[in-house]
Amino acid sequence: MRQTITKIRGLTVNVEVVEVEHRDQNGGLLCYIASIYIQQHGSAEKQLIRRSRLPGAAVEMRKAIQRDGIRAFDRIAIL
């Protein structure tokens, strides 16, 4: 099982993109989950914004957040 965590620091909130994938011995994908969490500055509590089971979804979500900042959540919340 491999877990990748990307932390994006913002002015008002921190965004954490967590990607978990588990493969079998032949390299076949068994499980994939990508999650986006928001954490207010000075708080230990994280709020789950979106979760996806589509492989590669974390890369798209991460690029949108880095490109558009907090405005990316307007589109993510609609999807």
Residues satisfying the stated conditions in the stretch 5-36, i.e. open to solvent by 50 Å² or more (accessible area, probe 1.4 Å) and in contact (Cβ under 8 Å) with a residue 40 or more places away in the chain:
Thr12
Specify which of the listed residues (Ile65, Ile70) is at negative phi, part of a helix (DSSP H, G or I), of a type in the set (A, V, I, L, M) and over 12 Å from the mean Cα position of the chain (by Cα).
Ile70
Qualifying residue in the stretch 50-57 (condition: at pLDDT 90 or above and exposed (fewer than 11 other Cβ atoms within 10 Å of the Cβ)):
no
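The values are calculated or read from the model by the stated rules, or taken from the named source; none is laboratory data. Note that the coordinates shown come from a computational prediction; the quantities given were computed from them, not determined experimentally. FYI the Cβ positions are ideal-geometry reconstructions off the backbone, even for glycines, and counts take in every protein chain you see. Ligands, DNA and RNA are stripped out before the accessible areas are found, and what is left, the full protein with its side chains, is counted by its heavy atoms. Shrake-Rupley method; radii C 1.70, N 1.55, O 1.52, S 1.80 Å.
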